[in-house]
Amino acid sequence: MTTLSKSIQGGEFLIRETDAQDIFIPEQFTEEQKMMAQACQDFIDTEITPNIEEIDSMKNPDLVPSIFKKAGELGLLGISVPEEFGGMGMSFNTSMLIADIIGAAGSFSTTYGAHTGIGTLPILYYGNEEQKQKYLPKLATGEWAACYCLTEPDAGSDANSGKTKATLTEDGKHYLINGQKMWISNAGFADLFIVFAKIENDKNLTAFIVEKSFGGITMNEEEKKMGIKGSSTRQVFFNDCKVPVENMLSDRENGFKIAVNILNIGRVKLGAGVLGGVRTVTSLAVKYSTERKQFGVSINSFGAVKRMLAEMATRTFVSESLCYRAGQDIEDRMDALAAEGMPDAEAKLKALEQFAIEAAIAKVHGSEVLDFVVDQGVQVYGGMGYSADAPMERAYRDARIARIYEGTNEINRMLMVGMLLKRAMKGEINLFEPAMAVSKELTSVPSFETVDTSELFASEKDVLVKLKKVFLMVGGKAAMALQDKIEDEQEIMMNLADVMIEIYAAESAILRAEKLVSIKGEEACKHQIAMAQVYLSEAVEKINAAAKEAIASFTKGDEQKVMLMGLKRFTKMDLINTKELRRQIADYMIEAGKYPF
């Protein structure tokens, strides 16, 4: 059992070294979890893949709801719902795994995620006993479909500025909801709506559980979208929708807090939820590169194509590593809080709030890896990649939404840095003391001690220690120089976020490779080691560029020179032959005929 005193807190990866044995890696899933994943994959193979064209055409309005109900019959919609409410009551990381596998289901992954995440979890985490008893069994089994009504035409990232109103009737028994919501996934066939509205002149939103049968709900036609065409997306209008007062979810004005906390879950789940897609696209690219002949040979015999394949695999491996590391940290925190007597739902919410920074990192990194992988997939396919007759065209279009929903990546970048600085200001995380130590180190005589590289990963870990100093140096100076105006300097916030993301990603990959070596031995893990090393090499360059841009934007003169010298010192890494490592990775993929890790 992980105790709160020992367990790492959200954001602490920047100031604490993590032992490889303390993280969870995907290779550790149990046989039961693997069986659930296989059942999910079988569902995709039998229900989604053969019907993908018909799903995307939306010509048969009954098709997606019928597939959705089959998912419910298999238990896939109730992974996170406790058994007492008709679900399977499985662990948080198991729900991450199922989101991962369902990521290969194209449009249906949005249908699934909207129902099981933002549609169901507000009731699970914030509902009272009567609400849970009434609604969760229907949602867990797929008898009812759910959607989440937060976004409005003038309230996207600034969700709390929504204009939808809830007015108490004279007899005090109902609220009349009036307003407009847009971009509502599953709206076309939903039976239940989680609706956010303001009562009177309240500052904050209040959440309501609204049944379609209450009436007063109308919709526009399905939105015509760039991608995820097979998922229902509509504008929803509430016209004197009569909601019983007992259907208020949690307390009055608690809606904004519900929205924020549910989005934390959505973000980390989205990080996992792209993985099935990126593995599928990578495997398709490997297969096509073997079949496609040019100049008498398969195109995967060319170095340029090998580089693309290896990069696709490397970034996928890294995103897997950081997602499941974050997922287990969240789960460990849930267990530790519950063991100390905190009610289950509250423990889950507190744990998710604690790791909101890592959740944002998972969302941003995962969605950008997905974008990269589908882009490279189109490139490997060449002209066929642009054809709607080949799978890459759909994957390319479907991928684009991931950088937008659950908060745009720009918003998430600023959130992760803002949250970290706020926690440091409150004394919840000791960030400023290490930052001051790094500041003193800049003006001291550099140490010329060499790292003992005889131990595997010793040099990589030394690089990671120095990269964390980059964040402490730049973030500490920026916080001191700009103080409460730092959040207005969005470009600097995004620079700092990029440094954070690359540190967490590179460290997660190194730790996963190290743990795998402890289980299987060095020779059996040489390709995983290679991917971790290639990514670290790339991360150093990205961190250097982001930090340099930040330094240039708020320093000058001698201070700037000192910081640039520090940056040079902290981003120093022995040159590695990434070309050769990528070729080894690609050759292994080509031999396996798929993403084999």
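Nothing in this text is a laboratory measurement; each read-out follows from the coordinates by a stated rule. Since we're looking at a predicted model, the values are computed, not measured. Here Cβ is always computed from backbone atoms with ideal geometry, including for glycine, and neighbour counts include all displayed protein chains.
Couple of notes before you dig in:
- Computed FRET value (nearest 0.05) for Val297 with Thr46, which takes r as the C-beta separation and R₀ as 30 Å: 0.25
- In the list [x] 96, 79, 49; [y] 84, 51, 48; [z] 78, 62, 44, the label attached to Cα extents along the principal axes in Å as derived from the coordinates here is [z].
- Charged side chains reduced to their Cβ positions (Lys and Arg at +1, Asp and Glu at -1) give the chain a dipole of some 1240 debye around its Cα centre.
- Relative protection proxy for 10-18, 351-359, from highest mean packing down: 351-359, 10-18 (other beta-carbon atoms within 10 angstrom).
- Beyond 18 Å in Cα-Cα separation lie the following of the pairs Lys181/Lys224; Lys163/Lys485; Lys466/Lys548; Lys548/Lys568: Lys163/Lys485.
- Alpha-carbon Debye profile of the range 224-265, log10 I(q)/I(0) at 0.24, 0.30 Å⁻¹: -0.95, -0.98
- In order along the range 119-124, phi translates into HN-Hα couplings of x, 9, 5, x, 6, 4 Hz, rounded to whole numbers, per the Karplus curve 6.51 cos²θ - 1.76 cosθ + 1.60 with θ = phi - 60° and x for Gly and Pro.
- Fraction of beta bridges assigned by DSSP in the chain that are antiparallel (%, nearest 5): 80
- Cα gyration tensor shape for the range 28-145, rounded if a/c is under 1.5, else prolate or oblate: oblate
- Dipole of the chain computed with +1 at Lys/Arg Cβ and -1 at Asp/Glu Cβ about the Cα centre; of His115, Ser454, Gly557, farthest Cα towards the positive end is Gly557.
- Inverting the pair-averaged 1/r between distinct Cα atoms of the range 455-597 gives 16.5 Å as its Kirkwood hydrodynamic radius.
- Here's how it looks for Cys241: its modeled amide H is under 5 Å from those of Ile177, which are all 5 or more places away or on a different chain.
- Taking the C-alpha atoms only, the angle from helix 490-520 to the longest principal axis of the chain is near 80 degrees.
- The spacing between the range 449-511 and the range 310-341, judged by their C-alpha centroids, is 20 Å.
- Available extension along the chain between Gln28 and Glu410 is 134.2 nm, counting 0.36 nm per residue and deducting the alpha carbon span.
- Maximal additional length on extending the Lys165-Ala304 stretch stands at 44.4 nm, based on 0.36 nm per residue less the C-alpha distance.
- Amide H contacts of Met182 (H built 1.01 Å from N, under 5 Å, at least 5 apart or other chain): Thr151, Glu152, Val236
- Between the C-alpha center of the range 252-283 and that of the range 105-178 there is a gap of 16 Å.
- Per-peptide average of other Cβ atoms within 10 Å, ordering 39-47, 294-302 highest first: 39-47, 294-302
- Cα Rg over Rh - the range 148-256, Kirkwood: 0.97
- Sequence-ordered 3J(HN,Hα) estimates for the range 59-68 from the Karplus curve with 6.51, -1.76 and 1.60 and θ = phi - 60° stand at 6, 10, x, 8, 5, 4, x, 6, 5, 4 Hz, glycine and proline given as x.
- In degrees, nearest ten, helix 31-43 long axis to first principal axis of the chain (Cα): 60
- Across the range 260-410, the relative contact order, built from alpha-carbon pairs under 8 Å that are at least six residues apart, equals 35 percent.
- The angle between the Cα long axis of helix 303-339 and the longest principal axis of the Cα atoms of the chain comes to about 60 degrees, rounded to the nearest 10.
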